[in-house]
Amino acid sequence: MKKMLNVALPKGRLGEKVYDMFEKAGFECPSIKEVNRKLIFENEEKGIRYFWVKPSDVAIYVERGAADIGVAGKDILLEYKPDVYELLDLKMGKCNMAVAAKKGFVDDRNKTLTVATKFINIAKKHYASIGRDIDIIHLNGSIELAPILGLSDVIVDIVETGSTLKENNLEVVEKFVDISARLIANKSSFKFKCEEIEEIRSKLSKQI
Ligand code: PRP
């Protein structure tokens, strides 16, 4: 008998596209398309259970085994280094991790650079690699405000279309990591539900 597989999907547009890939792979669960506020959807016959998780929390569910597999952004994997297997690059949700600043900003290397970001570990690692002294300011959102209000010199953030920067008179200084959505697995699930997880990985990879 097939074992039930628990899948954490990132809530939102990306998650809906990811679900469509699972559906094409033969793991449909039609009730997920109903418009309601439910968070868990199951197709017992197919042995699959989906739940909608805040995108930045997917890796926590998978690391702790509440989900066997899930889809998380490379940004989250780099920032929090969860103890999970990264199985597949889905080549969706593509964006870049970038440094941005007010137009015309020139870095004075004699001063400590103030950096506002949600991604403190990624930012620290980046500046350590170029030997630049920084002062990190940890924000939770609307990072673009920081240089405008003089809270920081630069920001380290995700840039997708670039329109948030543009509309706030900021510009990319440097893009330094490519980001995309990754299929991840809990390490012990990968042992005990190996067949089920491998089947999904292989069917998803054929769609990329
Ligand atoms: C992200 C990111 C940028 C924006 C980039 O923010 O932090 O603000 O998207 O996208 P763009 O280049 O296509 O404009 P998010 O929507 O996650 O909101 P946040 O302000 O809470 O970080």
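Give the accessible area for Lys33 in Å² (nearest 10); use a 1.4 Å probe, count only protein heavy atoms, and leave out ligands, DNA and RNA.
In the full protein context, Lys33 sits at about 120 Å².
First measure r as the distance between the Cβ atoms of Cys194 and Thr161, then evaluate 1/(1 + (r/R0)^6) with R0 = 35 Å and state the FRET efficiency to the nearest 0.05.
The computed FRET efficiency comes out at 0.35.
Given a 1.4 Å probe and heavy atoms of the protein chains only, how would you sort Thr161, Thr117, largest accessible area at the top?
Ranked list, largest accessible area first: Thr161, Thr117.
Of the beta bridges DSSP finds with both residues in the chain, what % are antiparallel, to the nearest 5?
Once the DSSP bridges in the chain are tallied, antiparallel ones form about 65 percent.
Need one number: the % of Cα-Cα pairs in the range 88-208 sitting beyond the 22 Å mark.
Value for the range 88-208: 46 percent of Cα pairs lie more than 22 Å apart.
For Lys94 and Leu145, what does the FRET efficiency come to when R0 = 22 Å and r is the distance between their Cβ atoms, rounded to the nearest 0.05?
For Lys94 and Leu145, the calculated efficiency is 0.30.
In terms of solvent-accessible area of protein heavy atoms at a 1.4 angstrom probe, what is the ranking of Ser129, Ser31, highest value first?
Most to least solvent-accessible, the answer reads Ser129, Ser31.
Residue by residue through the range 95-108, which ³J(HN,Hα) values in whole Hz follow from phi under the Karplus form 6.51 cos²θ - 1.76 cosθ + 1.60 (θ = phi - 60°), with glycine and proline marked x?
7, 10, 8, 9, 9, 9, 8, 4, 3, x, 4, 10, 6, 8
Work from the charge dipole of the range 125-208 (Cβ charges, +1 for Lys and Arg, -1 for Asp and Glu, about the Cα centre) and give the residue of Gly162, Phe190, Gly131 farthest towards its positive end.
Result: Phe190.
Quick one: ranking Val154, Val106 by accessible area, 1.4 Å probe, largest first, what do you get?
Values: Val154 5, Val106 120 Å².
So the residues, ranked largest to smallest area, are Val106, Val154.
Per 0.36 nm of contour for each residue apart, how much would the distance between Ile208 and Lys38 grow if the chain were fully extended, relative to their Cα-Cα spacing? Before the final figure, lay out each step's value.
Values: separation 170, 0.36 × 170 = 61.20 nm, distance 2.90 nm.
Stretched fully, the Ile208-Lys38 segment lengthens by 58.3 nm.
With respect to the cross-link table entries Lys11/Lys33; Lys74/Lys103; Lys94/Lys206; Lys17/Lys118, which display a Cα-Cα separation exceeding 21 Å?
Lys74/Lys103; Lys17/Lys118
Whole-Hz Karplus ³J(HN,Hα) for the range 149-155, in order, using 6.51 cos²θ - 1.76 cosθ + 1.60 and θ = phi - 60°, x for Gly and Pro?
8, x, 6, 9, 6, 9, 10
Once the Cα atoms of the chain are picked out, what are the Rg and Dmax in Å?
Radius of gyration, then largest Cα-Cα span, for the chain: 19.5, 66 Å.
Whole number please: convex hull volume per residue, Cα atoms of the range 65-130, in Å³.
Roughly 132 Å³ of hull volume per residue.
Taking amide H positions as placed 1.01 Å from N in the peptide plane, with prolines and chain starts having none, which residues 5 or more places from Arg182, or on another chain, fall under 5 Å of its amide H?
Ala72, Gly73, Lys74, Leu90
Rounded to the nearest 10 Å², what accessible area does Leu14 show when all protein chains are kept and the probe is 1.4 Å?
60 Å²
Can you compute the helix-only [θ] at 222 nm over the chain? Use -39500 (n - 2.57) per DSSP H run of at least 4 residues, normalise by all residues, nearest 500 deg cm²/dmol.
Calculated at 222 nm, the ellipticity per residue is -8000 deg cm²/dmol.
The values are calculated or read from the model by the stated rules, or taken from the named source; none is laboratory data. The model shown is predicted, which means the values in this text are computed figures rather than measured ones. All Cβ positions, glycine included, derive from the backbone under ideal geometry; neighbour counts span all protein chains shown. In case anyone asks, the SASA skips ligands and DNA or RNA and just uses the protein heavy atoms, side chains included. Shrake-Rupley method; radii C 1.70, N 1.55, O 1.52, S 1.80 Å.
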